[in-house]
Amino acid sequence: MSTLPQIMIAPNGARRGKQDHPALPVTIAETVDTVVSCHQAGAGGAHLHVRDKHGAHSLDAGLYRELLDELSLVAPDLIAQITTEAVGMYTSQQQQALLRDLRPDFASVALREITDGETETNVRAFFHWAAEAGIGIQHILYTPDEVAVLADLVNRDIIPATTLEAMLVLGRYTKGQKSGPEDLDPYLTKMTQTGLTANWAVCAFGQRETDCLVKAVALGGKARIGFENNLHNADGTLARDNAQRVSELVAAIRANEVAVSA
């Protein structure tokens, strides 16, 4: 199957484990196998987390380097994106240190976490260094109000405006969370109001994940799917694995394209 560049697989995240789903990858070998199967199902990229020997979230540069090296061998055309997400465990300085050490091609960075406790001078120095180092940064935005924060930082050149990327998060890690396609609207409205120009992607929690992501792609955005945010198919059944989630989204996107063009 040909891949869709709009789709990125997020196979594990930082919080879930085997107790949540036996097919959720924890080790580097499992993550590589999962990402390859999702790439074959149609995902053009992968949002990557690594775990330590106890299965806990980690920002270990060595583990990330090993994972990226393995993926480059088996899926050289895959867009591999690491994350600096703190998940309440890491400081802004530790997140920055990971990128300075690893220097990946792509990284997702939560705006609220990377700026937490930092001076604007330090934030500016970090983001301008990342741009000069050729690191593609995707800014994770957890609320529409954070769109305005990002727009302000860009307008003041604290964050470079070049090839700006944003991840719009629909929902939260709360029990029973169900995002809906309508949750995207306040983000897009805020982008228009603030004049923020960015390539944007969406991730969503709960059973309506597919509906949310189809809407995002239809409106010109990208989609991040996988067990990091949701374990279920659109019909409510537990997904067999991450690849099944990708396959469902690919089919839904293509069906929507046919419906729109008809």
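Only the coordinates and a few stated rules stand behind these numbers; no lab work does. Since the structure is predicted, the reported quantities are computational estimates derived from the model, not experimental observations. In this analysis, Cβ positions are derived from the backbone assuming ideal geometry, glycine residues included, and neighbour counts consider all displayed protein chains.
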Theoretical ellipticity at 222 nm over the chain - DSSP helices of four or more residues, -39500 (n - 2.57) apiece, nearest 500: -13000 deg cm²/dmol
Count the lysine pairs in the chain whose Cα atoms sit under 23 Å apart, keeping only pairs 8 or more residues apart in sequence or on different chains. 8
Extension length gain for T197 and D77 (0.36 nm per residue less Cα distance), in nm, is 40.5 nm
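In what sequence, highest mean first, do 180-186, 209-215 appear when ranked by Cβ atoms within 10 angstrom?
So the peptides 180-186, 209-215, ranked by packing, come out 209-215, 180-186.
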Place the peptides 147-155, 4-12 in order of packing, highest mean first, counting for every residue the other Cβ atoms within 10 Å and averaging per peptide. 4-12, 147-155
Between the range 153-204 and the range 64-79, what is the separation of their alpha carbon centroids in Å? 28 Å
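Could you work out the local net charge near L102, counting Lys and Arg as +1, Asp and Glu as -1, over the other residues with Cβ closer than 12 Å to its Cβ? Intermediate results must be reported in sequence, preceding the final value.
Values: positive: R65, R100, R103; negative: D60, E66, D69, D101, D105.
So the environment of L102 carries a net charge of -2.
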Inter-site label distance for D101 and R172 at 7 Å from Cα along Cβ, in nm: 3.2 nm
P(r) over all Cα-Cα pairs of the chain, 5 Å bins from 0 to the longest distance, whole percent per bin, short to long, reads 1, 6, 14, 18, 20, 18, 13, 7, 2, 1, 0
Compute the length gained on full extension between A56 and D116: take 0.36 nm times their separation in residues and subtract their Cα-Cα distance, giving the result in nm to one decimal. 19.4 nm
Counting Lys +1, Arg +1, Asp -1, Glu -1, what net charge surrounds E248 among other residues with beta carbon under 10 Å of its beta carbon? -1
Mean separation of Cα contacts under 8 Å (at least 6 apart) over the residue count of the chain, i.e. the relative contact order in percent, is 19 percent
Within 12 Å, Cβ to Cβ, of W129, how many net charges do the neighbouring residues add up to if Lys/Arg are +1 and Asp/Glu are -1? +2
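Ranked by Cβ crowding within 10 angstrom, fewest neighbours first, how are R156, R16 ordered? Don't skip to the answer; put the middle values down first.
Numbers: R156 10, R16 17.
By the 10 Å Cβ count, ascending, the order reads R156, R16.
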